[in-house]
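Have a look at the structure below before the remarks.
Derivation of every value follows stated rules applied to the coordinates shown; laboratory data play no part. Predicted model only: the values in this text are computed from it and were never measured. Glycine also receives a Cβ, built like all others from the backbone with ideal geometry; neighbour counts cover every protein chain displayed.
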């Protein structure tokens with residue numbers, strides 16, 4: 001990966017390692033990253049942007065079939081993110097609830113229809129280094145929020 005030299009990338013790998021630790025109540029099943037490229041968001045007055053996603057769900061699959069559990073996780077992440085770095089303005093984290101069919105759940109256990117949380121993230125900067133430093137701040141805040149949610 002061409003951006004591996006930046007601490008933000010190692011911070012993301014550490015975030016994934018903690019999130020997927022056997023003692024975490026959460027786990028991830030997908031992620032993506034698009035490195036620094038020309039900014040496509042006119043409201044953000046920076047030259048470059050990078051973005052990505054992280055899909056998370058409860059390790060106990062049945063919890064993902066309870067809308068109240070998924071909504072509570074989403075709410076907690078947003079509350080914890082809002083206080084993690086309140087003056088930071090060159091990064092954004094958003095969430096979407098994505099419908100999922102959990103084939104591992106037998107119908108006798110209840111519904112196999114549920115959801116997982118897609119966490120989308122963006123960071124902006126005037127140079128590649130600036131953008132990746134801002135991405136590091138996004139991952140620091142996201143790591144803090146996910147640590148609190150994974151216990």
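In whole percent, what relative contact order does the stretch 7-149 give with Cα contacts below 8 Å and a gap of six or more residues?
On the way: 256 pairs, mean separation 44.0, N = 143.
Reported as a whole number, the value is 31 percent.
Multiplying the sequence separation of residue 129 and residue 82 by 0.36 nm and subtracting their Cα-Cα distance, what value in nm do you get?
On the way: separation 47, 0.36 × 47 = 16.92 nm, distance 2.46 nm.
Fully extending the segment from residue 129 to residue 82 adds 14.5 nm.
Using a 7 Å offset from the Cα along the Cα-to-Cβ direction at both residue 89 and residue 151, what is the distance between the two label points in nm, to one decimal?
Going by the 7 Å Cα→Cβ label model, 3.3 nm.
Please express the Cα-Cα pair-distance distribution P(r) of the stretch 7-149 as a list of whole percents, one per 5 Å bin, running from 0 to the bin with the greatest distance.
In whole percents, the pair-distance histogram is 2, 10, 19, 21, 18, 13, 9, 5, 3, 1, 0.
Mind giving me the FRET efficiency for residue 106 and residue 29? R0 is 22 Å, r the Cβ-Cβ distance, nearest 0.05 is fine.
Working: r = 20 Å, r/R0 = 0.90.
Approximately 0.65, to the nearest 0.05.
Run the numbers on the stretch 35-111 and let me know its relative contact order in percent, using alpha-carbon pairs under 8 Å that are six or more apart. Walk me through the numbers before you get to the answer.
Values: 31 pairs, mean separation 16.6, N = 77.
Rounded, it is 22 percent for the stretch 35-111.
Using a/c under 1.5 as the rounded threshold, could you call the stretch 71-151 rounded, prolate or oblate? The axes a ≥ b ≥ c are square roots of the C-alpha gyration tensor eigenvalues, and prolate needs a/b larger than b/c, oblate otherwise. Let's see the in-between values first.
Details: a/c = 3.38, a/b = 2.30, b/c = 1.47.
In terms of gyration-tensor shape, prolate.
What ranking of 119, 56 emerges when the number of other C-beta atoms within 10 Å of each C-beta is taken as an exposure proxy, fewest first? Don't skip to the answer; put the middle values down first.
On the way: 119 21, 56 24.
Fewest-to-most ranking of 119, 56: 119, 56.
Can you tell me the orientation of helix 7-19 relative to the chain, as the angle in degrees between its alpha-carbon axis and the longest Cα principal axis, to the nearest 10?
Long axis of 7-19 versus the principal axis of the chain: about 10 degrees.
What 222 nm value per residue comes from the helices of the chain, counting each DSSP H run with n ≥ 4 as -39,500 (n - 2.57) and dividing by all residues, nearest 500 deg cm²/dmol? Don't jump to the answer; show the numbers that get you there.
Values: 3 runs with 53 residues, N = 151.
Counting only the DSSP helices, I get -12000 deg cm²/dmol.
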